[in-house]
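S.K.: Sharing a structure below in structure tokens format, with a few things to ask.
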Amino acid sequence: MGTYQKLAHAMNQKRSVYFGYGSNMWLDQMHRRCPENKYLGIGFIQDWYVVQSVILLKDEKFVHRKWFICERGFANIRRSPGDQVYGLAYELSESDERILDGYEGVPHHYIKEYHTINFLDSAGKSEIKALIYINEELLEEGTPKTEYVDRMNMAIKDGTVAGAPEEYMNKYLRPFIPETSDEK
């Protein structure tokens, strides 16, 4: 079944489409966390970027957007006209979505929003509204948690194999996620 058919199936089944841009690009982690999930493919969200730092300008926050690890030690994204964030899309059951809400710390660490994602490998209409988890308050750079580095290395590997540009991974994720010895 192609991506377009998978999307149509998800909409007909009233299952959520979820877009993972951090450690949830690691397929094995998603299968363990959300056992009823169905992998849909690689996609991107337009006009967003993963936040790198915050600069104060005239008492307002101006956000310079690049992939970053927030103060909590995990990834986050923000709006940025003209930019893209790559990730993997999954179809989730209601049960899987509740489980994932727990892992993501909703509503204390992340909030849930729905935004349009585009698929890279779709022959037909290739966009759909998808669930993403974001935090609109944690905008300062931080250090990734030790356990997160390992999970992110697996996510980077799976995301690249799925079709996310390696240049994207190296430019935006690698400055925060060092390769482990078994990845080199």
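S.K.: Kindly put 131, 40, 120 in sequence by how many other C-beta atoms sit within 10 Å of each C-beta, fewest to most.
M.R.: Fewest-to-most ranking of 131, 40, 120: 120, 131, 40.
S.K.: Let me ask something else. Would you please give the FRET efficiency between residue 157 and residue 118, computed as 1/(1 + (r/R0)^6) with r the Cβ-Cβ distance and R0 = 25 Å, to the nearest 0.05? Could you put the intermediate results ahead of the total?
M.R.: Numbers: r = 23 Å, r/R0 = 0.90.
Efficiency, from the Cβ-Cβ distance: 0.65.
S.K.: The range 132-165 to the range 79-99: how many Å between their Cα centroids?
M.R.: Taking the Cα centre of each part, the range 132-165 and the range 79-99 sit 13 Å apart.
S.K.: Distance in nm between label sites at residue 98 and residue 36, each 7 Å beyond Cα in the beta-carbon direction?
M.R.: Result for the modelled spin labels: 0.9 nm.
S.K.: Neighbour counts of other C-beta atoms within 10 Å: give me 70, 34 arranged from fewest to most. Kindly include the intermediate steps, with their values, before the conclusion.
M.R.: Values: 70 19, 34 22.
Placing the least packed residue first, the sequence is 70, 34.
Just so you know, all these numbers are worked out from the coordinates, no wet-lab data involved. Note that this is a predicted model, so its numbers are computed, not measured. When we count neighbours, we look across all protein chains shown, and the Cβ atoms used for this are built from the backbone with ideal geometry, even at glycine.
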